[in-house]
Amino acid sequence: MKYKSTHLTLAFLIAGTLFTACMPIQKTQTSSNTTKELDGQPTNVQREMSENISENTETPTSNNRFTIEADDELKTSVAILYEAFFPDDTAMFVENGGDLVVTKTYECPDERPCILPTYLPESVMIQQSDKTDVYDFIAFAISIEGQQQLIDAGELLPQIKLDDQAGSTLEIPQPVSRVISTYGPATSFIYSVHAQDRLVSASYLGARDPKGAAVMEKMDSRFPEIMGDKFFTQTDFNVEQAAVLNPDLIVTSARTSWIEAADQLGLDVFLFNAETPERLKEAMQLTGKIFGPHSAAIADAWISYFDGSITAIQDQIAGIPEDQRVRVLFTGMDPLKVVSGDMYQTDIILAAGGISVSSELNGYWNDVNIEQVVLWNPDVIIVPPYGGASVEAITESSEWQILVAVQEGRVYQMPKLVVPWDTPAPDSVLGIVWIAQLINSESINIDCVTEAEYFYNTFYNYPITAEELAAICKFE
Amino acid sequence: MRKWIKIVISFMFLLILFVVSLTLGRYKIGTIDVLRVLFSPIYLKLANGIPDIARQLVLQVRLPRILGALFIGAGLGGSGTAFQAIFKNPLVDSNILGVTSGAGFGAALALLLMGSSLEVQISAFIFGLLAVLLAFFGSHLHKSTPLLILTLMGILIGSLFNSLTALLKYVADPLDTLPAITFWLLGSLTGITWQSLFPLAIITVLGIVFLWLIRWRLNILSLDDQEAKTLGLDPIKMKLIIIFITTLMTAAAVSVSGVIGWVGLVIPHAGRLFVGPDHKYLLPISLIFGGAFLLIIDNIARTLLPGEIPLGVLSGLIGVPILIALLRRSKTGW
């Protein structure tokens, strides 16, 4: 997260330093912990602490911890949040040079979308000084408690109406703080809009793989405790376990088999069906809306990143005629199970500027025979990073030696960090980038490492390491 | 004698079908070219000028698969006939003692442990045999009509293995192994290579030779056990040997192809409608019909659409009309 820094006036620097020095260290620690906690409880703890502090300092007014520079229409909402977070204090607005800038008119200076704390729709907070109070305040503003304050004050709606992807309309009370996800892609939607602290149980994609699980543990310390595959899957739903967890909302796939049972129990079930790029974008947008303005803003950023990446690729290959595009065969867990035209893999191959040779097929993974593959004569073969699929299963099989792609060694395995890049999840944008670089390296200027680093830092809040980048962006 | 003519004609038909099958495929190869390639291992120059791909497709892809369909179909048809005779029940096939359920479990276990296709084949074969052995030893726990208890034990062991397979499917990763297990249980001939064909061919050929040699005894065994004894045959011992041999054949077949239903149950009936209930004729015709039927089904499965059509879809759609047509025309007794 980069913020454009502006100069602080000397006076505010001095005042800021003075006030920060006056603050007991305890206070800042408590509040930074608070914002990371779940439930409503910590707010009370924090309030008690604040009261104690105000008694200690005995300066209930004009005790401004930092100054705020806000658009006029946003001043009320900022003051509400400020006074909820610092009950002993009132917000101090300045015309310019504030420690915190709150605005509706911020333009991201970077080429790729940047994510800023968004506490009301389109209203971002920009930290302009390194004061811990500013940091804590921002974290509070976009937290569940902050959302609750804004709802109580009538700045945010107490419930939102959303159509899920199976056509039913849900009225979802806000904020949503306890979510069960029984659908791996939905879990990745939630992580990538930074709402994983709302998960109480989740099914994951790619986290059964020990390497994936290790990354997940680094990404989210609560991962081992919320991994809920034991209780909740697309086919099974443990009602009693759900009752124990007392969820606000359950998110799952539209193909789930226990939807009616959950409906009868009065549980809100939100259904996703994200298996095309358009539907994936819609799913991300919906996920954002469920969790409030900040998540909604991240979802929008992801959508513009996704669209932007595809547009950039398509612009660069526009000169290549259709019949000269690279012909890609995407096969599955068994080399002779291939993707159909209905599957997401076909969409990402197309977005990356290739042609999926098996796109005439319908349904799910299709069984074909080697003759059909010979007839398609693909230039490149890609296998997925799951299901025991491997490059060797093809290159070491005698019957596959007939194929030119195999003879020339053009068989590749799609990478993944945790979520496989060929699944309808946010990570699939990297699948597109990777395929584009793989098949069009001469005509396209795109770099998997740059994009993957940006993507995981931005959307999963995960500082990906150089080794991890090297392992996922490989073309051999 | 007329029945032998029928059998010889059927066999000729099977040979023609075999050659025609070689010319069928998604990739177009002319009939003459196929024949040249087919005989090229004998006389090398025959294949001159034929593209490498065509040669490989015929010899490495089509030939093992077609032979596989023949062996599996004949094996299942022959085993089914033998089982219907010794169980005196026209509604059983060689799956009745749990061999398929055991093989299904063995395959699922190997798939779960990420086995290669050879390991899956071996595991399916071993567990198929194990299921029948369990049923066999289990039946000794009870001292009464052994065959009835054996059948009951077979059903019990079969359902036990089905439960175990369901358990494996429950713990399997829904993204990884579960689809592989489900697919294996559906049955397909896509994966047949020379390597997997080899053990199947040996076991099936030996099994067929054995059944051929004892085919006249099947008539006696399908009578009362008392009558069999008066004719100087130890019916129980004979039945156990037959069960063992046919189980080997069935396990070898399903370990390669996955679960293929229908053939073992229905082919003997088709044979009976054609040549009557005498096993002297019924067994050969069941072997031929079994092989021909599976080959026809598989030809359609692999050529009609770009994607493979599951065998289970076709066996019913094609088999039932054929059987009904035979039923209408035939006047033979059972």
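The values are calculated or read from the model by the stated rules, or taken from the named source; none is laboratory data. Note that the coordinates shown come from a computational prediction; the quantities given were computed from them, not determined experimentally. Virtual Cβ from ideal backbone geometry, glycine too; neighbours counted across all protein chains shown.
A few notes on this one:
- Considering only residues in the range A:450-469 that are in contact with a helix residue (DSSP H, G or I) (Cβ under 7 Å, 6 or more places away or on another chain) and part of a loop (DSSP other than H, G, I, E, B), the one that is surrounded by the fewest Cβ atoms within 10 Å (Cβ to Cβ) turns out to be A:Pro463.
- Residue count for the range A:67-90, restricted to those that are among the aliphatic types (A, V, I, L, M) and farther than 16 Å from A:Ala153 by Cα: 2.
- Hits in the range B:121-148 - residues which are over 14 Å from B:Ile243 (Cβ atoms) and either modelled with pLDDT of 85 or more or touching a Ser or Thr at 6+ places or on another chain (Cβ under 8 Å) (or both): B:Gln121, B:Ile122, B:Ser123, B:Ala124, B:Phe125, B:Ile126, B:Phe127, B:Leu130
- Inter-residue pairs, beta-carbon under 7 Å, first more than 20 Å from B:Leu148 (Cβ to Cβ) and in the range B:213-236, second in a loop (DSSP other than H, G, I, E, B) and modelled with pLDDT of 75 or more, 6+ apart: B:Asn219/B:Asp278
- Residue check, B:Leu63 in contact (Cβ under 8 Å) with a residue 24 or more places away in the chain, within 14 Å of chain A (Cβ to nearest Cβ), within 28 Å of A:Gln407 (Cα to Cα) and crowded, with 24+ Cβ neighbours inside 10 Å: no
- Flag if B:Arg55 is within 14 Å of chain A (Cβ to nearest Cβ), out of contact with any strand residue (DSSP E or B) (no Cβ under 7 Å at 6 or more places or on another chain), surrounded by 21 or more Cβ atoms within 10 Å (Cβ to Cβ) and within 29 Å of B:Ala253 (Cα to Cα): no
- Unmet criterion (only one of (1) touching a strand residue (DSSP E or B) at 6+ places or on another chain (Cβ under 8 Å); (2) within 11 Å of another protein chain (Cβ to nearest Cβ); (3) more than 23 Å from A:Ala274 (Cβ to Cβ)) for A:Val391: (2)
- Members of the range A:86-112 found to be surrounded by 20 or more Cβ atoms within 10 Å (Cβ to Cβ) and within 22 Å of A:Ala296 (Cβ to Cβ), listed by number: A:Leu100, A:Val101, A:Val102
- Condition check for A:Asn369 on (1) facing another protein chain (nearest Cβ under 8 Å); (2) at pLDDT below 85: one failure, at (2).
- Filtered residues of the range B:96-127 (kept if small (Gly, Ala, Ser) and over 12 Å from B:Gly258 (Cβ atoms)): B:Gly98, B:Ser101, B:Gly102, B:Ala110, B:Gly115, B:Ser116, B:Ser123
- Contact map, the range B:306-327: first residue away from chain A (no Cβ under 12 Å), second residue modelled with pLDDT of 80 or more and exposed (fewer than 14 other Cβ atoms within 10 Å of the Cβ), Cβ cut-off under 7 Å, separation 6 or more or different chains; the map is empty.
- Among the candidates A:Pro426, A:Pro385, A:Pro415, residue that is in contact (Cβ under 8 Å) with a residue 60 or more places away in the chain, surrounded by fewer than 24 Cβ atoms within 10 Å (Cβ to Cβ) and more than 10 Å from every other protein chain (Cβ to nearest Cβ): A:Pro385
- Residues of the range A:199-221 that turn out to be touching a residue at least 60 places away in the same chain (Cβ under 8 Å) and not in a helix (DSSP H, G or I), as a count: 5
- Residues located in the range A:309-328, provided they are farther than 14 Å from A:Ala436 by Cα and either touching a strand residue (DSSP E or B) at 6+ places or on another chain (Cβ under 9 Å) or part of a helix (DSSP H, G or I) (or both): A:Glu322, A:Asp323, A:Gln324
- When B:Ile7 is tested against the conditions (1) modelled with pLDDT of 90 or more; (2) under 18 Å from B:Ala201 (Cα atoms), the lone failure is (2).
- Residue in the range A:311-328 that is within 14 Å of another protein chain (Cβ to nearest Cβ), at pLDDT 90 or above and crowded, with 22+ Cβ neighbours inside 10 Å present: no
- Here A:Thr187 fulfils each of the conditions (1) touching a residue at least 24 places away in the same chain (Cβ under 8 Å); (2) within 14 Å of another protein chain (Cβ to nearest Cβ); (3) surrounded by 23 or more Cβ atoms within 10 Å (Cβ to Cβ) apart from (1).
- In the range A:351-366, the residues that are under 19 Å from B:Ser188 (Cα atoms) and facing another protein chain (nearest Cβ under 8 Å) form Cβ pairs under 8 Å with partners that are modelled with pLDDT of 90 or more and assigned to a strand (DSSP E or B), at six or more places apart or across chains, as follows: A:Leu361/A:Val338; A:Trp365/A:Val338; A:Asn366/A:Val338.
- Members of the range A:164-198 that are hydrophobic (A, V, I, L, M, F, W, C) and in a helix (DSSP H, G or I): A:Ala186, A:Phe189, A:Ile190
- Residue within the range B:62-84 that is over 18 Å from the mean Cα position of the chain (by Cα) and at pLDDT 85 or above present: yes
- Applying the condition of being aromatic (Phe, Trp, Tyr) and either closer than 20 Å to B:Phe289 by Cβ or part of a helix (DSSP H, G or I) (or both) to the range B:3-48 and asking which residue is farthest from the other protein chains (Cβ to nearest Cβ) yields B:Trp4.
- The residues in the range B:151-200 that are within 14 Å of another protein chain (Cβ to nearest Cβ), of a type in the set (A, V, I, L, M) and within 30 Å of A:Leu205 (Cβ to Cβ) can be counted, and the count is 10.
- Checked against (1) within 13 Å of chain B (Cβ to nearest Cβ); (2) closer than 28 Å to A:Thr252 by Cβ; (3) in a helix (DSSP H, G or I), A:Gly341 passes all but a single condition, namely (3).
- Complete set of residues in the range A:394-409 that are within 18 Å of B:Thr190 (Cα to Cα), more than 9 Å from every other protein chain (Cβ to nearest Cβ) and not aliphatic (A, V, I, L, M): A:Thr395, A:Glu396, A:Trp400
- Under the condition of being aliphatic (A, V, I, L, M) and within 17 Å of the chain's Cα centre (by Cα), the residues counted in the range A:264-281 number 2.
- The range A:338-365, subset over 28 Å from the mean Cα position of the chain (by Cα) and more than 14 Å from B:Leu305 (Cα to Cα), residue surrounded by the most Cβ atoms within 10 Å (Cβ to Cβ): A:Val357
- Residues satisfying the stated conditions in the range B:181-219, i.e. over 17 Å from the mean Cα position of the chain (by Cα) and either at positive phi or of a type in the set (A, V, I, L, M) (or both): B:Ile181, B:Leu213, B:Ile214, B:Leu218
- Of the residues making up the range A:121-145, those that are in contact with a strand residue (DSSP E or B) (Cβ under 6 Å, 6 or more places away or on another chain) and either small (Gly, Ala, Ser) or in a helix (DSSP H, G or I) (or both) are A:Val134, A:Ile138, A:Ala141.
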